[in-house]
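First comes the structure, then the notes that go with it.
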Amino acid sequence: MNKKVWLSIKGQQGFYNEKPEIIELLTEGELYNKNNSDYILYKESEVSGMKGTTTTIKIEEGGEQISIIRLGTTNSHMVFKKGEKKYDRYTTPYGDFVVSILTKNIDIKYDENKQPTLIHLDYHVNIQGVQDSKNTLEIQVKH
């Protein structure tokens, strides 16, 4: 059963020796559980630069791995697992990029019903071996 939720999303991206860029978004989304994984869906907006894209966040059982799947004007499937480097092809209106993601930390808080209330990711992204950035993503889920 899908449950309507409010999402407060704060992303920070910092390139070395530069001031970090922060994007904040408040949006309505949906939360549901399927096959022991939690799913959060929402539509991107102009604020994120990905209008026309639907984002699905999949939290695997136990919170050991998180996937962020984007479909629409931007297509990607990013996988986050602490201490591991994962690769993804990121398709945008401006072209395709190969990115590597090294997850430093995953922290997930749950409520008494075992539904996620706070997701925090700390990770590094390398775009085609050329550009490195340090990133954080924090998603508050308000039921």
Any chance region 78-85 includes a residue that's without any contact (Cβ under 8 Å) to a residue 60 or more places away in the chain, over 17 Å from Leu7 (Cβ atoms), among the small types (Gly, Ala, Ser) and out of contact with any Pro (no Cβ under 8 Å at 6 or more places or on another chain)?
-> yes
Counting only strands (runs of 3 or more DSSP E) entirely within region 53-143, those with at least 2 residues that are in contact with a His (Cβ under 6 Å, 6 or more places away or on another chain) and on the phi < 0 side of the Ramachandran plot are 95-110, 131-142
Under the condition of being open to solvent by 40 Å² or more (accessible area, probe 1.4 Å) and modelled with pLDDT under 90, which residue from region 74-90 is nearest to the chain's Cα centre (by Cα)?
-> Tyr90
Failed item in (1) over 17 Å from the mean Cα position of the chain (by Cα); (2) without any contact (Cβ under 8 Å) to a residue 24 or more places away in the chain; (3) within 18 Å of Ile9 (Cβ to Cβ), with Leu71 passing the rest = (1)
Just checking, how many residues over region 1-52 are over 18 Å from Ile119 (Cβ atoms), out of contact with any Phe, Trp or Tyr (no Cβ under 7 Å at 6 or more places or on another chain) and either part of a loop (DSSP other than H, G, I, E, B) or open to solvent by less than 30 Å² (accessible area, probe 1.4 Å) (or both)?
-> 14
Please work out which one of (1) open to solvent by less than 40 Å² (accessible area, probe 1.4 Å); (2) closer than 27 Å to Asn33 by Cα is the condition Asn126 fails and give its number.
-> (2)
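The values are calculated or read from the model by the stated rules, or taken from the named source; none is laboratory data. Since we're looking at a predicted model, the values are computed, not measured. Glycine gets a Cβ as well: all are built from the backbone with ideal geometry, and neighbour counts include every protein chain shown. The protein model used for the area step is the full one, side chains on, heavy atoms only, and it has no ligands, DNA or RNA in it. Shrake-Rupley method; radii C 1.70, N 1.55, O 1.52, S 1.80 Å.
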